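> A single structure is presented below for examination.
The values are calculated or read from the model by the stated rules, or taken from the named source; none is laboratory data. Every value quoted in this text rests on a predicted model; they were computed, and no experiment measured them. All Cβ positions, even for glycine, are placed from backbone atoms using ideal geometry, and neighbour counts span all protein chains on display. The protein model used for the area step is the full one, side chains on, heavy atoms only, and it has no ligands, DNA or RNA in it. Shrake-Rupley method; radii C 1.70, N 1.55, O 1.52, S 1.80 Å.
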Amino acid sequence: MANVFTMRVHRLNQRHGKTYQQMAADCEFKRSVTWWNKMYWGEIEDPPKPELFPYLAKALEVPERRVAEMVAEQWCGVRPDDTVPEHLRSLLAVLRDVREEDVLVIQEMGRAMYEKRGAEVEVERYSARLLTEFGKTDGPYTLEQLEWLKLPELQAVKMDVGMGRAEVEEDAYALLDSIPDPGDPED
């Protein structure tokens, strides 16, 4: 079982810039700044009590039910639904309270997002082909050529350059040097 409660604190802090002070304030200081810091580092051994769930929900920016699910999973080893991916569980907790007449609209939204993701995958496939053809050109890569590429393609070129298989003009190298390496956490 995962430390989902701790991971949520980490995600809020690292990706969204929410400080321990803000988390403590959001939960009306029912948990201290030190407690949130220890939670971030996985140093809290005892689960929060249920009466704190409404306060923790506000601090963690999730529904109260999701707090209960995270506590159950992290401290008791019980997951509410093993078939739902972690990144969708907060959404599932919200959807439980949706009116029946709104379900159709939510299904249409989900279908539209699914189709959007399919289109993105298709674009990525074509981009990979473009990158392959792009790499067959003679001479070093230019800044003008690199400006047409998306981040994953730039990262591929950066790795290619880093391994010494491709040459890059000096101003183009500055662009490649400024992008994150593949696998680096996104901000």
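> Once you put a point 7 Å from the Cα of GLU51 and another 7 Å from the Cα of LYS150, both along the Cβ direction, what distance in nm separates them?
Label at GLU51, label at LYS150, 5.2 nm between them.
> Please give, to one decimal in nm, the separation of the simple spin-label points placed at TRP41 and CYS76, each 7 Å out from Cα toward the Cβ.
2.9
> Tell me which residues come under 5 Å, amide H to amide H, from TYR141 once H is placed; ignore anything under 5 positions away on its chain.
Close amide H contacts, sequence-distant or interchain: GLU167, VAL168, GLU169.
> In whole percent, how big is the carbon plus sulfur part of the accessible area of the chain, probe 1.4 Å, protein atoms only?
Looking at the chain in its full context, I get 53 percent from C and S.
> Okay, moving on. How high is the FRET efficiency between GLU115 and SER178 when r is their beta carbon distance and R₀ equals 25 Å, given to the nearest 0.05?
Once the sixth-power term is evaluated, E becomes 0.15.
> Throw me the Rg/Rh for the chain, computed over C-alpha atoms with Kirkwood Rh, two decimals.
1.11
> Using protein chains only and a probe of 1.4 angstrom, how many square angstrom of GLU144 are accessible, to the nearest 10?
130
> Working with all protein chains in place, sort MET7, MET109, MET23 by solvent-accessible area computed with a 1.4 Å probe, largest first.
Descending accessible area places them as MET109, MET7, MET23.
> Mind grabbing the accessible area of LYS116 for me, 1.4 Å probe, Å², rounded to tens?
Accessible area, nearest 10 Å²: 120 Å².
> Taking 0.36 nm per residue of separation and subtracting the Cα-Cα distance, what length does fully extending VAL98 through THR34 add? Write out the running numbers ahead of the final one.
Details: separation 64, 0.36 × 64 = 23.04 nm, distance 3.63 nm.
Once the chain is fully extended between VAL98 and THR34, it gains 19.4 nm.
> Any idea how many Lys pairs in the chain come in under 22 angstrom at the alpha carbon, given 8 or more places apart or on separate chains?
13
> Largest first, how would PHE5, PHE29 line up by accessible area (1.4 Å probe)?
Per-residue accessible area, sorted high to low, gives PHE29, PHE5.
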